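To start, the structure under review is shown below, and the notes come after it.
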Amino acid sequence: MVGRIMAPVEVCQQCDGACCKKLSVGVILVDRLAELFWAHYGRKAERARFVVHHRCAHLDGHGLCDLWNADPALDRRPAICQEFMCERAENPDLMVLDLSAMEA
């Protein structure tokens, strides 16, 4: 059974599906890739996070997921989506600034 998390609806529906418009993946770098990062950024890195900006095919015109259902038995989202809780939902008073820039 998936550890489904229910975000507060009033928070979750305010961002127009921001969590479904990017994919963030953390990886442990293999030696060759770590060497490439060192050459490009001038510092040692063992881990990296890659962010791919996209729009999930399951977002409707209002930024809501068309796989989601209030009934857990009918919720067709992948487990990773059901288990996800964004920073805004965890901390409603948190100001989140999303800057698109390459970190060195």
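Classify the range 9-90 as rounded, prolate or oblate from the Cα gyration tensor: take a ≥ b ≥ c as the square roots of its eigenvalues, call it rounded if a/c is under 1.5, otherwise prolate when a/b beats b/c and oblate if not. The shape class here is prolate. For the range 9-90, the dipole from Cβ point charges (+1 on Lys and Arg, -1 on Asp and Glu) about the Cα centre works out to 480 debye, to the nearest 20. Going toward the positive end of the dipole of the range 9-90, with +1 on Lys and Arg Cβ and -1 on Asp and Glu Cβ, which of L74, W38, S24 do you reach last? Value computed over the given set: W38. The HN-Hα couplings worked out from phi for the range 58-66 by the Karplus form 6.51 cos²θ - 1.76 cosθ + 1.60 (θ = phi - 60°) are 9, 7, 7, x, 9, x, 9, 6, 7 Hz, whole numbers, x standing for Gly and Pro.
Computed from the coordinates by the stated procedures, all read-outs in this text should not be read as laboratory data. What you are looking at is a predicted structure, and each value in this text was computed from that prediction instead of being measured. Don't worry about glycine lacking a Cβ; one is built from the backbone with ideal geometry, like all the others, and counts go over all protein chains shown.
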